[in-house]
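Scroll down for the structure; my scribbles are underneath it.
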Amino acid sequence: MSSQPSESPIGLHFGQVVIGPPGSGKTTYCRGMQEFLSRLGRKVVVVNLDPANEGLPYPCAVDISELVTLCDVMDSLKLGPNGGLIYCMEYLEANLDWLEDKLKHHRNCYFLFDCPGQVELYTHHNSVKNIFTQLSKWNFRLTAVHLVDSHYCADPAKFISILCTSLATMLHVELPHVNVLSKIDLIEQYGKLAFNLDFYTEVLDLSYLVEHLALDPFFKKFHHLNEKLAEVIQDYSLVYFVPLNVQDKESMTQVLQTVDKANGYCFGDLEERNLQVMMSAAVGADFQFSSTLGVQERYLEPTEKTVDEEVMDL
């Protein structure tokens, strides 16, 4: 196969590349978003770019397993799962004409790309980034939807970690980017939140989180390191999250509106634009804030104010 595909094989298309750590709910999101968009009248095509995906729960128009699978790579090259995934993505990058041929059969569609879950692929390895770049050259207008499991909010150390991962991914992938807290209905499964939900979705003053983390004797000795990490995140001021419950229509609507603004779909002519769409683009921040309050009321158990919340009120 030739590794030099043409520059513009098909017309303009919009879509999402769904990325995130393993277990964050990428495949479930693709299934839910496909059903949601179909009910809105959009013609949706799901593209599976994860060579480790087996038994896909959604109708798949393009499947990387026709080109390469993780199991075959691990067996033939004696690689582990991480090395195998990197090889698979490099193999896809070297055979982009295969992907081009598959995609050009789907016109006037909205695309969902279900991507692998290995974090390194989006923070410093270049194959997936190069694939996204080629898709852009093929006139795809894509938004990176980065899913993060919401229960990490209950652990301050893990939350700082996912903030760093999200920021590194945004800077490396170089696409319009939407960070999503997935499984918001299970957010307190592993413990109560130290602050209100908007503290985590809007990534407010992280000094409060660093001080809260310092209450743990184990993390106290890393206090200076955590301060510097928090400073880096806030200096860039890029990371915020949209809460998501795939089974909640209002939650899915909020995510979709954010994605549509990021890739410009809501300003296009592919579907009728109405006042609600335009207003959501104009007052998106206020809409997101009020929606976050609604999410907190639905999914977080009401408790008396903690010392940390009283400090923030001051």
Q) Under the condition of being β-branched (Val, Ile, Thr) and at pLDDT 95 or above, which residue from region 4-27 is farthest from the chain's Cα centre (by Cα)? A) Val17
(Q) Residue under question is Pro81, and the condition is that it be surrounded by fewer than 18 Cβ atoms within 10 Å (Cβ to Cβ), in contact (Cβ under 8 Å) with a residue 40 or more places away in the chain and under 25 Å from Tyr152 (Cβ atoms); does it hold? (A) no
(Q) Take the residues in region 63-78 that are touching a residue at least 12 places away in the same chain (Cβ under 8 Å), aliphatic (A, V, I, L, M) and assigned to a helix (DSSP H, G or I); name whichever of them is surrounded by the most Cβ atoms within 10 Å (Cβ to Cβ). (A) Ile64
Q. Which condition number does Asp235 fail, the rest of (1) assigned to a helix (DSSP H, G or I); (2) within 16 Å of Ser166 (Cα to Cα); (3) in contact (Cβ under 8 Å) with a residue 12 or more places away in the chain being met?
A. (3)
Q) Is one or more of the residues making up region 34-50 β-branched (Val, Ile, Thr) and without any contact (Cβ under 8 Å) to a residue 60 or more places away in the chain? A) no
Q. If a residue has to be outside any helix (DSSP H, G or I) and modelled with pLDDT of 50 or more to count, how many in region 258-280 make the cut?
A. 4
Q) Based on what the data block shows, is Val119 surrounded by fewer than 21 Cβ atoms within 10 Å (Cβ to Cβ) and under 15 Å from the mean Cα position of the chain (by Cα)? A) yes
Q | Selected residue (only one of Val242, Val255 is within 26 Å of Cys164 (Cα to Cα), part of a strand (DSSP E or B), of a type outside the set (D, E, K, R) and modelled with pLDDT of 85 or more) | A | Val242
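Let's see how each residue does on (1) of a type outside the set (A, V, I, L, M); (2) closer than 20 Å to Glu120 by Cβ; (3) crowded, with 21+ Cβ neighbours inside 10 Å:
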{"site": "Gly15", "(1), (2), (3)": "yes, no, yes"}
{"site": "Ile19", "(1), (2), (3)": "no, yes, yes"}
{"site": "Thr27", "(1), (2), (3)": "yes, yes, no"}
{"site": "Cys30", "(1), (2), (3)": "yes, no, yes"}
{"site": "Met33", "(1), (2), (3)": "no, no, yes"}
{"site": "Phe36", "(1), (2), (3)": "yes, no, no"}
{"site": "Arg42", "(1), (2), (3)": "yes, no, no"}
{"site": "Val46", "(1), (2), (3)": "no, no, yes"}
{"site": "Leu49", "(1), (2), (3)": "no, yes, yes"}
Q. If you check Val180 against the conditions, is it within 18 Å of Thr258 (Cα to Cα) and either modelled with pLDDT under 90 or buried (at least 20 other Cβ atoms within 10 Å of the Cβ) (or both)?
A. yes
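The values are calculated or read from the model by the stated rules, or taken from the named source; none is laboratory data. Nothing here was measured: the structure is a model prediction, and the numbers come from that model. Positions of Cβ are backbone-derived with ideal geometry, glycine not excepted, and every protein chain shown enters the neighbour counts.
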